[in-house]
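Worksheet: one structure, shown below.
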Amino acid sequence: MLTTRPRGTNDLLPEELDKWHYVESILHQVAALYGYQEIRTPIFEHTELFQRGVGENTDIVEKEMYTFLDRGERLLTLRPEATASTVRAFLEHKLYAGSLPVKLYYIGPMFRYDRPQAGRYRQFHQFGVEVFGAQDPSLDAEVIAMAMDIYQRLGLRNLVVELNSVGCPSCRKAHRQVLHEYLKEQLSGLCPTCQGRFERNPLRILDCKNERCQGLVANAPTIDAMLCEECRHHFQLVQEYLQELQVTYTLNPKLVRGLDYYTKTAFEIVAQGIGAQSSIGGGGRYDHLIEEIGGPSLPGIGYAMGIERIILTLEEQGIEFPHTAKSQVFIATLGDTAHKKGAKIAQDLRKAGLVVEQDYLGKGLKAQLKAANRLQVQTAVIIGEEELAKGEAVVRKMLEGSQEVVSLNELVPYLVKENKGGKQDE
Ligand code: AMP
C-alpha cells in the first residue's frame with residue numbers, strides 16, 4: 001500500500017507532463033483570445049453547494065462525491081466539477097456588480113468516485129469556461145466554437161458536436177409527464193439505475209448507456225417536439241449562429257447530460273474511434289443556477305473538457321507533441337576547485353537564459369561526456385585542473401565533435417552567443 005497510489009488516481013511523470021504543459025499552454029492562450037479570465041477556487045467546498053448546484057438527483061451527488069467531516073465537524077466535499085464553485089465565487093465576491101457578462105475559465109483537478117477505466121478516473125482534470133449574465137444565443141454558439149477551436153489547434157480529428165435543447169422548467173414539465181407515461185410501460189425492462197431514475201430524474205433514462213435501456217427508449221418522446229416558443233426560437237438561433245461560424249453539429253434529441261441544472265442548449269463533443277470514454281467535453285446553458293445558489297436571476301453558460309481524455313485522444317490519433325527545451329550546455333569538471341568554478345559558470349549561464357546541466361556524482365571525464373551525449377546538449381564545457389590553472393576551458397561542440405579553448409573570462413558571453421542567446425525549443 002505504501003508504494004501504491006489510490007485507485008483511480010494518476011501520477012503524472014515528467015515525460016507525461018511535457019504533454020500537459022503543451023496542452024495547458026494552448027488552453028490559456030485560447031481562453032485569452034476569447035476574452036476569458038482565469039479563476040482558481042478551493043479544491044473542497046461545503047457539501048451543500050454541490051447538493052444544490054449539481055443537483056440532488058444526479059449520479060454525481062448520489063454516489064460519486066468524496067465527502068468528509070473535517071476536524072471542526074464541517075461537512076465538506078472534494079469538488080466533483082467546478083461550475084458550482086465558480087458560481088459561488090462569483091456571488092461571494094459580487095462580481096455581478098461590475099460589467100456583464102463575466103467570462104471566467106479554470107483548470108484543475110476534480111474528484112468523482114467513478115468506476116475507473118481507461119479515460120475515467122477518480123481524480124481527473126478539467127479545463128472549463130463559464131459566462132455569467134448573457135442570454136444571447138450567439139454566445140451559446142461561440143462557446144461551442146471555442147471548444148472546437150481548442151481541439152483543432154491541438155490537431156484533433158474526427159470530432160462530432162452533439163447538440164440538443166433541454167428546454168426550460170416549463171417545457172420540461174410537460175415533457176416529463178409524457179415521458180413518465182411512456183416509461184411506465186417499460187419500467188421492468190430498464191436497468192436498476194434507470195429504475196431508480198424513473199421517479200427522481202426520468203430524463204436521464206434517455207441517455208443511459210446500457211444497450212437494453214437504449215432499445216427501450218428508442219421511441220420515447222423527446223423534448224424537441226415540446227419546446228416552448230422561447231426555447232424553440234433560442235435553439236433555432238443557436239443553430240443559425242453555429243452555421244455562420246461553420247461549426248458542424250448533429251442534433252441529438254436524447255442528449256441530456258448528467259447535471260440537473262441545464263436549460264436550453266446542451267452539447268457534448270465526442271471523439272470517434274477512441275473507445276467507451278469518448279466524450280471529450282460538454283456543457284450547456286444554466287439560466288437558473290445562479291439564482292438557485294442564492295444569487296440574482298442571471299443566466300449562465302459553460303462547458304468543461306477532460307484533459308486526460310484530450311491527451312489520450314491526441315495519443316490515439318498519433319498526433320505529435322512539440323519537443324520541449326532540452327539542456328543546451330553540460331559543464332564537465334575534474335577536481336574540487338574546477339567543480340566550484342563550474343558551479344558558478346553554470347549559474348551565470350542560467351541567469352543568461354541557457355539550460356545548463358552539470359555532474360553531481362564526481363564521475364570521471366569520460367562518464368561526464370557520456371552523460372552530456374545522453375542529454376543531447378549542443379555544447380560541453382570541460383574544466384580540469386590544468387585548464388583552471390591557465391584560466392581557460394575547453395568548449396566541445398557535441399554534434400561536430402570539434403573543440404576549442406576559450407578563456408574563462410570570455411566563456412559566458414561566448415556560450416550565450418553560440419547558443420543563440422537563450423533557451424531554444426527544438
Ligand atoms: P462533465 O463534468 O461530466 O460534463 O464532464 C466533462 C468532461 O470531463 C467529459 O467530457 C470528460 O472529458 C471529462 N470527465 C468527466 N468525468 C471524468 C472522469 N471520471 N475521468 C476523466 N475525465 C472525466
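The values are calculated or read from the model by the stated rules, or taken from the named source; none is laboratory data. Keep in mind that this is a model prediction, so the values were computed, not measured. All Cβ positions, glycine included, derive from the backbone under ideal geometry; neighbour counts span all protein chains shown. Surface accessibility is based on the protein's heavy atoms, side chains included, excluding ligands, DNA and RNA. Shrake-Rupley method; radii C 1.70, N 1.55, O 1.52, S 1.80 Å.
Structure notes:
- Nearest 10 degrees, 0 to 90: helix 307-316 Cα axis against the chain principal axis: 70 degrees
- Backbone amide hydrogens, once placed in the peptide plane, bring THR333 within less than 5 Å of ASP359, ILE383, excluding anything fewer than 5 places away on its chain.
- Kirkwood hydrodynamic radius of the stretch 127-209, from the reciprocal of the average inverse Cα-Cα distance over all distinct pairs: 15.9 Å.
- Largest GNM mean-square fluctuation across LEU289, LEU75, LEU203, computed for the chain with C-alpha springs under 10 Å, falls on LEU75.
- The share of C-alpha pairs in the stretch 266-418 whose separation exceeds 26 Å stands at 51 percent.
- Gaussian network model of the chain, Cα within-10 Å springs - most flexible of ASN201, ASN373, ASN210: ASN373
- Net charge contributed by nearby residues that have their C-beta within less than 12 Å of GLN214 (K/R +1, D/E -1): +1
- Taking the C-alpha atoms only, the angle from helix 83-92 to the longest principal axis of the chain is near 90 degrees.
- Helix 408-418 and the long axis of the chain differ in direction by around 40°, with both axes built from C-alpha atoms.
- Shape index of the stretch 329-422: Rg/Rh, with Rg the Cα radius of gyration and Rh the Kirkwood radius from the inverse mean 1/r over Cα pairs, equals 0.91.
- Among LEU237, LEU399, LEU17: highest mean-square fluctuation, GNM of the chain, C-alpha pairs under 10 Å: LEU399
- Whole-number percent relative contact order across the stretch 177-319, with pairs defined as alpha carbons under 8 Å at least 6 apart: 15 percent
- The trypsin sites (Lys or Arg not before Pro) of the stretch 165-268 meeting both criteria, a DSSP state outside H, G, I, E and B (loop) and at most 11 other C-beta atoms within 10 angstrom of the site's C-beta, are LYS209.
- For the stretch 329-422, the dipole from Cβ point charges (+1 on Lys and Arg, -1 on Asp and Glu) about the Cα centre works out to 320 debye, to the nearest 20.
- Debye, to nearest 20: dipole size of the chain, +1 on Lys, Arg Cβ, -1 on Asp, Glu Cβ: 780 debye
- Relative contact order %, the chain, counting alpha carbon pairs below 8 Å whose residues are six or more apart: 15 percent
- Summing charges over neighbours of MET65, with a neighbour being any other residue whose Cβ is under 12 Å away from its Cβ, gives -4 when K and R count +1 and D and E count -1.
- Heavy-atom accessible surface of the chain, averaged per residue, reaches 50 Å², computed with a 1.4 Å probe.
- Cα-derived Rg over Rh, computed across the chain with Rh taken as Kirkwood radius: 1.12
- Distance from the Cα centroid of the stretch 109-123 to that of the stretch 294-352 is 25 Å (rounded to whole angstrom).
- Among beta bridges that DSSP assigns inside the chain, antiparallel share in %, nearest 5: 80 percent
- Translational D in µm²/s for the stretch 42-148 (Stokes-Einstein at 37 °C, 0.692 mPa s, Kirkwood Rh from C-alpha pairs): 214 µm²/s
- Carbon-plus-sulfur accessible fraction, the chain (probe radius 1.4 Å, protein heavy atoms only): 50%.
- Each Cα pair under 8 Å and six or more residues apart adds its separation to the average, and for the stretch 329-422 the resulting relative contact order is 31 percent.
- VAL131 sits among other residues whose Cβ lies under 11 Å from its own Cβ, and their net charge, with Lys and Arg +1 and Asp and Glu -1, is -2.
- Percent antiparallel among DSSP beta bridges (both partners in the stretch 318-407, rounded to 5): 55 percent
- The stretch 225-282 and the stretch 41-75 have Cα centres lying 27 Å from one another.
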